[in-house]
Amino acid sequence: MPLNPTFENEKRVLDNGYVRLVDVMGDDSSPDSDARISTGVAARSEAQQTTLVRFLLRHKHTTPFEGSVIKFEVRAPIMVIREWFRHRTFSYNEESGRYKQLDPLYYTPDASRVSYQAKSNHQGSGEQHPDAPNFVVQWREEQQEFEEEYNALIQTHNVARELARLNMPVSHYSTFVVTGNLLNWFRFLELRMAEGAQYEIRVYANAIFELAKQYFPRSFEAFQDYWLEAVTLSGREAKLLSQMLSNTISEKSFTNALPEPSPDFTKREAEEFRRKLIHIGLLSEA
């Protein structure tokens, strides 16, 4: 469907990157109508649609979200693209260095981003490095040297483009289009917006989230509530919590704390919450 011109449909990311919406199929009514095909129920009110969308995501009934599709054009450093392409349920098409001379665009982090290797995380960053400004200058000089050599191989020596790029660094930007259904995007964002995700791909995920939620506000609100901001306890964690806080909530205090029923928090969800508290020992069985 045509993009809404009143929405923000592009975001700049990092120093030379961007995320641009290309196409959207479906809207917030789509998961409801796709789910209701199994029962033959006609289209319903927005409040009823909201209730169902939230129920579906809360209980991981995800197939109705596969019928809505979002397509983006993305320019990102190769190191980000390598992580992104691990999400194999998307469809991709990337620019090719065999067909064109690639743009002279490279990612150089701010000095504040340059850190020591984390001590407790083998794949993450730790405290800021005191020599960060020098490293940034060094990276820029090396990128410039490569670009001059790459350009000379193609323009001066007529070396095939597919070979001239051999020493291209992972800081180089490439451009691709990526298409996925709403469930694909939820899975991607759940991993890449997480605190432990690498910063460079996390900022792209944040941009995707902000652009896409304009077209599916109720679906993304439910996704944020039940997936992004939810906390899952293991069986052992639930048992330990029960031992520490056994029966600390009364039925009265539980009832008084509940909000008025609404599409965003129904009586059914309140009862599901009550059963969870009973399960981990924070509320006595009535």
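Just so it is clear, none of the values below were taken in a lab; they were calculated from the coordinates. Keep in mind the model is a prediction, meaning the values are calculated, not measured. Neighbour counts are summed over all protein chains in view; Cβ atoms, including those assigned to glycine, are modelled from backbone coordinates with ideal geometry.
Longest segment of the chain with no GluC sites (Glu not before Pro) in a DSSP loop having at most 13 other Cβ atoms within 10 Å? Longest gap between qualifying sites, sites excluded: 9-194.
Annotation: the antiparallel percentage among DSSP beta bridges lying fully within the chain is about 95. Only Cα pairs under 8 Å and 6+ residues apart enter the sum, and on that basis the relative contact order of the chain stands at 24 percent. Comparing Pro31, Pro77, Pro259 in a Gaussian network model of the chain, where Cα atoms under 10 Å apart are tied by springs, the biggest mean-square fluctuation is seen for Pro259. Toward the positive end of the charge dipole of segment 235-279, with +1 on the Cβ of Lys and Arg and -1 on the Cβ of Asp and Glu, the farthest Cα among Phe265, Phe254, Ile278 is that of Ile278. Close lysine pairs were tallied over the chain: pairs 8 or more places apart or on different chains with Cα atoms under 17 Å apart number 8. For the chain, the Kirkwood hydrodynamic radius comes to 22.5 Å, computed from all pairs of different C-alpha atoms.
Quick one: helix 267-279 against the long Cα principal axis of the chain, what's the angle to the nearest 10°, folded into 0 to 90? Tilt of helix 267-279: around 90 degrees. Computed from the Kirkwood radius of its Cα pairs, the Stokes-Einstein diffusion coefficient for segment 1-106 at 25 °C and 0.890 mPa s stands at 145 µm²/s. Comparing His157, His129, His87, which has the greatest mean-square fluctuation in the GNM of the chain with Cα pairs linked when under 10 Å apart? Largest GNM mean-square fluctuation: His157.
Placing +1 on the Cβ of every Lys and Arg and -1 on the Cβ of every Asp and Glu, with nothing else charged, gives the chain a dipole about its Cα centre of roughly 980 debye. As a length-normalised measure over Cα pairs under 8 Å and 6 or more apart, the relative contact order of segment 1-152 settles at 21 percent. When Rg and the Kirkwood radius Rh are both evaluated on Cα atoms of segment 131-173, their ratio Rg/Rh stands at 1.09. Both radii were evaluated on the Cα set of segment 235-279; the Rg over Rh quotient, with Rh as the Kirkwood radius, amounts to 1.04.
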